[in-house]
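The values are calculated or read from the model by the stated rules, or taken from the named source; none is laboratory data. It should be emphasised that the depicted structure is a prediction, and the values quoted were computed from it without experimental measurement. Don't worry about glycine lacking a Cβ; one is built from the backbone with ideal geometry, like all the others, and counts go over all protein chains shown. Note: accessible area is taken over every heavy atom of the protein model, side chains too, but ligands, DNA and RNA are not part of it. Shrake-Rupley method; radii C 1.70, N 1.55, O 1.52, S 1.80 Å.
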Amino acid sequence: MARMIDNQYTQMREIKIYAKENDVPIMNDEGIDFLTTFVIKHQINNVLEIGTAIGFSAISMALANPKLKITTVERDEARYLEAVKNIKKFDLEDRITILFNDALEIKLDEEFDLIFIDAAKGQNQRFFEKFEKLLTQDGFIITDNMKFHGYVDKELSEIKSHNLRGLVRKIKEYRQFLKDNEEYETKFYDDIGDGVAVSTRRQ
Ligand code: SAH
Ligand code: MG
């Protein structure tokens, strides 16, 4: 058992190294800590993750809660293949289902008690609106990168790159969309990782 855990620790470290070397933007330790604590505390059973990358956050959640099942979506083939490999290494194929597709194209009819949005940052609202229909009545939607590496605190005029400015504008708009949302209430944890938002239906 101890050996097993040791082995998992080493494999997690290898995933992190791969991410660093290949510029894969996985959640940092603080964000992962938040997410894994969250799925334990709220006894989450069925997660939909938008943006698998190489499987790091999905594997972390699955290891934190042995009852947890995850459906996760990735559109980049190289990352998808790497995620498949990693999930196999952890023997989690029966609890983590990866879909190789654009999340905006998929059709699902399951219910999820957590939807974790961590994909194209300019599409957050579209993901939210598409997938909230699959959320259980008292489920959660968590969105990552709400601070976008601090850029969200800058004035748009300060940001020189056109593409970056567009993305930052989208994230600012998404934050406003969440704040103004009449159906959902959102808590912004701006000091956790790259900023995490947790939305729940207003009771
Ligand atoms: N959740 C991961 C990190 C995801 S990085 C972790 O913390 O370990 C974001 C990923 O979302 C990228 O790999 C990108 O290819 C993917 N992505 C972006 N837009 C997408 C879309 N529309 N559908 C599916 N995947 C998408
Ligand atoms: Mg992220």
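Using a cutoff of 8 angstrom between alpha carbon atoms and counting only pairs six or more residues apart, the relative contact order for region 2-201 works out to 18 percent.
Normalised Debye scattering of region 105-203 at q = 0.18, 0.24 Å⁻¹ gives log10 I(q)/I(0) of -0.83, -1.31, counting only Cα atoms as equal scatterers and leaving out solvent.
Hey, got the dipole for region 2-201? About the Cα centre, +1 on K and R Cβ, -1 on D and E Cβ, debye to the nearest 20? Dipole of region 2-201, to the nearest 20 debye: 280 debye. In the full protein context, the chain carries 55 Å² of accessible surface per residue, based on a 1.4 Å probe and ignoring ligands, DNA and RNA. Here the accessible area is traced with a 1.4 Å probe on the protein chains. For the chain, carbon and sulfur cover 47 percent of it. Take the cross-link list 16/133; 20/179; 85/121; 67/107; 69/130; 67/170 and give me the ones stretching past 31 Å between alpha-carbons. Beyond 31 Å between Cα atoms: 16/133; 20/179; 67/170. In order along region 137-146, the phi-based Karplus estimate (6.51 cos²θ - 1.76 cosθ + 1.60, θ = phi - 60°) of 3J(HN,Hα) comes to 3, 10, x, 10, 10, 10, 10, 9, 6, 6 Hz; Gly and Pro are listed as x. For the chain, the antiparallel share of DSSP beta bridges with both residues in that region comes to about 35%. Karplus-derived 3J(HN,Hα) values for region 117-127, using 6.51 cos²θ - 1.76 cosθ + 1.60 with θ = phi - 60°, are 9, 8, 10, 5, 5, x, 10, 3, 5, 5, 4 Hz; glycine and proline are entered as x. For the chain, the alpha carbon positions stretch 52, 40, 31 Å along the principal axes, listed from largest to smallest.
Here region 57-99 is described by how far its Cα atoms reach on the three principal axes: 28, 18, 16 Å, from widest to narrowest. Computing FRET efficiency as 1/(1 + (r/R0)^6) for residue 173 and residue 33, where r is the C-beta to C-beta distance and R0 is 30 Å, gives about 0.60.
Compare the peptides 19-28, 114-123, 144-153 by average per-residue count of other Cβ atoms within 10 angstrom and give them in order, highest first.
The densest-packed peptide leads the list: 114-123, 144-153, 19-28.
By the Kirkwood approach, averaging reciprocal distances over each pair of separate Cα atoms, region 108-151 gets a hydrodynamic radius of 11.1 Å.
Per the Debye calculation on region 1-111 with a single equal scatterer at every Cα and no solvent contribution, log₁₀ I(q)/I(0) for q = 0.22, 0.24 Å⁻¹ amounts to -1.35, -1.56.
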